[in-house]
Amino acid sequence: MNTDQYIEVFLDESREHLQAINDNLLKLEKQPTEIDIVQEIFRSAHTLKGMSATMGFEDIASLTHQMENVLDKIRHLELTVSTEVIDITFAAVGALEEMVGEIGAGNDGKKDVTELVSSLKQLETGNYTPEKAAQPSEAVATNSTTLALDQYQSTVIAQAMENGYHAYQVTVQLNDDCILKGPRAYMVFDKLDGLGDVIKTDPEVEDIEEGNFEQSFSLLFLTEETADAVKQAIESVSEINQVTVTDFSFEKKEESKADTVSKTDQAEKEAKATTSDKPKQSKTIRVNIERIDSLMNLFEEVIIDRSRLEDLSQKYKDQEFTETVENLARVTEDMQGLMLAMRMVPVEQVFNRFPRMVRDLSKDLQKKISLEIIGSETELDRTVIDEIGDPLVHLIRNSLDHGIESPEKRRQAGKPEEGRIVLQAYHSGNHVFIDIEDDGAGINREKVEAKAIENGLISVENSKQLTDEEVYHLIFASGFSTADQISDISGRGVGLDVVKNKIESLGGSIIVTSYPGKGSKFSIQLPLTLSILSTLLVKVQQETFAVPLSSIIETVALNDQDIKYVHGQKVMDFRGHIVPLVSLNTVYGVTDEDVSSNSAVIIQKGDKRTGLLVDSFIGQREVVLKSLGNYLKNVFAISGATILGNGEVCLIVDPNALVK
């Protein structure tokens, strides 16, 4: 079967299942007795195994199969969740992510997973030690695992043993060079068919017959024959390396009445989880992002034409024409909302990789660090989401390595041993802000200054005139690093210039604030890159500007006596708060004259407010945001331009740049 046409679907679903496993493993580490979480992990691993086997990726299938065995032991309360279980399972997930990544890059996705499979097998059998994990397990096949039975199977075996039957646990080990494992296993079952009944297999019969197992499988067999007769029958099949037949000790499975009741309750709980919590059938389809981009470009033209029709309807005053245009406006507004929603993706898709990263690096650095994520539901354009991941990884690793101190140093400074990193996303106007804040040692100004002077970035005289924020921004210079020793965790001598360049290429910016001894904060401002915005059109002399409605609190008509001066700066009293006033005429140099404007647009960024002085308000209008292009990059307080219905070009104000 040609599977090339399904590869994109396989990659998308594999990444989703691996992320679900990651998230649930972190939960399981904190709630090791919560079987429902194990059930979720098991479902994801089982689905991934089936998909990879169908697509022919055997290494992924074999590793996920062995993960299933361990998870099955946990959910049947035969294995306790421990640090070793979590660590090895995370290592297996890491290997799976690497293989899926290789497949996405066009490779075959093969990887030597022998050591991981061996470690998982040892966990399954209860024989795991770090020393054994480094070696392939030869004794796993001979040390057969006791098969878990349900109530019905236990009853059948008990009655058969009372009637003189023998219950044997059989483990069959195939040769390492055996290729057709499924047919060989079928021949084993065929030999046993005339001797007795197979009650239970590990893995399931379907998996064994399809060859979805390692070189060995186990089964529980009821027969009147002796163990030697069963062993000889199986050994008559070629390509069998070893056969182990042991008496199944039913006493090991007997439990007290209380244990039986608790297990029955657990079984009912699992059954209920698999039925009531069964995922609903998906009603989504996957669409190439390029198609959505093309659709959005076409719709932008519709919006421009709609604005033109609205102007014409006001000009000709025809009732039917006006009603038709109003209906068109309502329909296109609904279409606009849907299309923007199609492009918007929660930043959770980027954030959800960080809890595991922080966990692993904390152990490597021997630090205690917790990660708090706020605002993961904040939505951002898909194109920005795809690019922002690497800069955030670098900044968080930097906070882990350089920001948060060791437990000993934190104790000496009177801080809790556990450091804290807060990752927060929120909207402000037509931008999204992502903050990475830690409660570490902060940035040492003197150390940064000394390094900058050493690298020739500033002179000794200049350093004394720089503000703290300007000094902290020097860490983004190429090759800049204050680390006494280069590590693999962050920096690696590269510095944060790569982060700054990437964010600026997305039309964003980054601000650093730090408080020595208390921590530091990196605040990233990113454009929503929404193609269509709701704006208020305002007039400044003969020029028209568009101010995004999402930043506007209120519009105010001022009298001359309402405008005050503080240190030469125009301000106004807005509901008991002093708000600075900024003239758009002065900011954009519309005229050389200082013309007084008594209309103000109150805008807000976070908890800061500013009033924009304009000549008049035109009204609300949906506009299409167009980039100014490569020749007009980084124009102050302008996020783009649009074409109005009358053909006039209108600049779109960036309110965040004007808030003082």
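Taken together, the values in this text are just the output of simple stated rules run on the coordinates, not laboratory data. Since we're looking at a predicted model, the values are computed, not measured. Ideal geometry is used to build each Cβ from the backbone, glycine not excepted, and the neighbour counts take in all protein chains shown.
Relative protection proxy for 636-646, 548-558, from highest mean packing down: 636-646, 548-558 (other beta-carbon atoms within 10 angstrom). Taking the fewest neighbouring Cβ atoms within 10 Å as the starting point, the ordered list for Phe476, Phe42 is Phe476, Phe42.
Pairs to check: Lys502/Lys605; Lys363/Lys518; Lys30/Lys409; Lys447/Lys605. Give those whose C-alpha atoms are more than 29 Å from each other in this structure. Display every interim value, and only then the final one.
Details: Lys502/Lys605 24 Å; Lys363/Lys518 23 Å; Lys30/Lys409 26 Å; Lys447/Lys605 33 Å.
As for pairs spanning more than 29 Å Cα to Cα, those are Lys447/Lys605.
The charge dipole of the range 1-88, taken about its Cα centre with unit charges on the Cβ of Lys, Arg, Asp and Glu (plus for the first two, minus for the last two), comes to roughly 200 debye.
Which of rounded, prolate, oblate describes the chain, given a ≥ b ≥ c as roots of the alpha-carbon gyration tensor eigenvalues and a/c under 1.5 marking rounded, otherwise prolate only if a/b is larger than b/c? Prolate shape, in that a/c is at least 1.5 and a/b is the bigger ratio. When both the range 297-364 and the range 591-627 are represented by their alpha-carbon centers, they are found 23 Å apart.
Principal-axis analysis of the Cα atoms of the chain puts helix 354-365 at an angle of about 70° to the longest axis.
Helix 181-193 and the long axis of the chain differ in direction by around 40°, with both axes built from C-alpha atoms. Only aspartates and glutamates eight or more places from Lys317 in sequence, or on another chain, were considered; those with a Cα closer than 16 Å are Glu326.
Just order 114-123, 31-40 by mean Cβ neighbour count inside 10 Å, highest at the front, would you? Display every interim value, and only then the final one.
Working: 114-123: 21.8, 31-40: 17.2.
Order by mean packing, descending: 114-123, 31-40.
Available extension along the chain between Asp390 and Glu408 is 3.4 nm, counting 0.36 nm per residue and deducting the alpha carbon span. Checking the Cα-Cα distances for Lys500/Lys570; Lys500/Lys608; Lys110/Lys367 against a 27 Å cut-off, the pairs over it are Lys500/Lys570; Lys110/Lys367. Seen against the Cα atoms of the chain and their longest principal axis, helix 58-75 is set at about 80 degrees. Applied to the range 624-639, the Karplus parametrisation 6.51 cos²θ - 1.76 cosθ + 1.60 on θ = phi - 60° returns per-residue 3J(HN,Hα) values of 9, 7, 10, 5, 7, x, 5, 7, 10, 6, 6, 6, 4, 6, 10, 9 Hz, with x for Gly and Pro. In order along the range 337-351, the phi-based Karplus estimate (6.51 cos²θ - 1.76 cosθ + 1.60, θ = phi - 60°) of 3J(HN,Hα) comes to x, 5, 5, 5, 5, 5, 8, 7, 10, x, 5, 3, 4, 8, 5 Hz; Gly and Pro are listed as x.
Taking square-rooted eigenvalues a ≥ b ≥ c of the alpha carbon gyration tensor, is the range 289-346 rounded, prolate or oblate, where a/c under 1.5 means rounded and, failing that, a/b exceeding b/c means prolate?
Verdict is prolate for the range 289-346.
So what is the calculated 222 nm ellipticity per residue for the chain, using -39500 (n - 2.57) for each DSSP H run with n of 4 or more, over all residues, to the nearest 500 deg cm²/dmol?
Working: 23 runs with 291 residues, N = 660.
Computed mean residue ellipticity for the chain: -14000 deg cm²/dmol.
Taking a straight Cα-Cα cut-off under 19 Å and skipping sequence neighbours fewer than 8 places away in the same chain, the aspartates and glutamates within cross-link reach of Lys464 are Glu446, Glu449, Glu454. Residues Thr89, Thr544, ranked from the fewest to the most other C-beta atoms within 10 Å, line up as Thr544, Thr89. Derived scalar couplings between HN and Hα for the range 200-214 equal 8, 10, 9, x, 5, 4, 4, 5, 5, 5, 8, x, 8, 7, 6 Hz in order, rounded to whole Hz, by the Karplus curve 6.51 cos²θ - 1.76 cosθ + 1.60 (θ = phi - 60°), x for Gly and Pro.
Across the options Asn327, Leu340, Ser307, the greatest Cα extent toward the positive end of the charge dipole of the range 289-346 (unit charges at beta carbon of Lys, Arg, Asp, Glu) belongs to Leu340. Quick check: from the Cα gyration tensor, does the range 7-70 come out rounded (a/c under 1.5), prolate or oblate? Here the range 7-70 falls in the prolate category.
Between the C-alpha center of the range 217-239 and that of the range 428-448 there is a gap of 67 Å.
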